Amino acid sequence: MKLSKKRIGVLVSGRGSNLQALIDKLPELPVEISLVISDVPTAAALIRAAEAGIPTAVIEPKGRSKAEFQTELALKLKEYGAEFVVLAGFMRILGKEFLSQAPGPVINIHPALLPAFPGLHAQAQALNYGVKVSGCTVHFVDEGMDSGPIIAQSTVSVLDTDDEDTLAARILEQEHKLLPEVVRLMALGRISCDNRKVMVRGE
């Protein structure tokens, strides 16, 4: 019996390489992207979505209170039937106004091994600290900055020759593998979170 596909919404702010990784994997994933929303009208991610035939929307925070902005995001996702939400390079912290109204769980991809190096310029933070291993994390979103329960991580070695750009590029390769896999497991109902404890069931 063929499983029905879960509908997901994706929030983006920039170039959309993680969105593209999801788009490229859609034939293999039990999901369809019902809507891509950006807070930045010029985000290249919107072009990627449009070229793939995915509906897009722009919701800017300017001229709205934080609560109004986040409520509008949640309502638009519901309007398009999203069942859970993926932040793929969305550069704003979402608080209770969004999370309490979101159509299902919200997950995010971050270019560091959380809880180390949350926030911006995580790769530079890792280099400045002198770590020998870095990577990326997919986590549930809570009201803090990259502080939600961790779902999965992927690692890369930090080379003596690395700068921020080279490390970021290698981490990004892992992001493009990890995010679609977590989305797949989410869609199949194999990931759950109870009192901040994440359970991931295998095949």
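The values are calculated or read from the model by the stated rules, or taken from the named source; none is laboratory data. All of these numbers come straight from a predicted model, not from anything done at the bench. Heads up, the Cβs are rebuilt from the backbone with ideal geometry, glycines too, and the neighbour counts pull from every protein chain shown.
The rows are residues; the columns are (1) more than 16 Å from the chain's Cα centre (by Cα); (2) of a type in the set (Val, Ile, Thr); (3) outside the structural domain of Phe69 (by TED's automatic domain parsing); (4) crowded, with 18+ Cβ neighbours inside 10 Å.
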| residue | (1), (2), (3), (4) |
| --- | --- |
| Arg15 | no, no, no, no |
| Leu19 | no, no, no, yes |
| Asp24 | no, no, no, no |
| Val36 | no, yes, no, yes |
| Pro41 | yes, no, no, no |
| Leu46 | no, no, no, yes |
Practice task
Kindly check whether there is at least one residue in the range 117-124 that is crowded, with 18+ Cβ neighbours inside 10 Å, in the same structural domain as Ser192 (by TED's automatic domain parsing) and of a type outside the set (Gly, Ala, Ser).
Solution key: yes
Exercise for the section: With the condition kept exactly as written, say whether any residue in the range 82-103 is in contact (Cβ under 8 Å) with a residue 24 or more places away in the chain, crowded, with 19+ Cβ neighbours inside 10 Å and over 16 Å from the mean Cα position of the chain (by Cα). Expected result: yes
Handout entry: Whichever residue in the range 64-81 is under 17 Å from Glu143 (Cβ atoms) and not hydroxyl-bearing (Ser, Thr, Tyr) and, among such residues, is surrounded by the fewest Cβ atoms within 10 Å (Cβ to Cβ)
Key = Ala67
Practice task
Of the conditions (1) over 16 Å from the mean Cα position of the chain (by Cα); (2) within 22 Å of Val182 (Cβ to Cβ); (3) not small (Gly, Ala, Ser), Asn108 clears all except one; give me its number.
Solution key: (1)
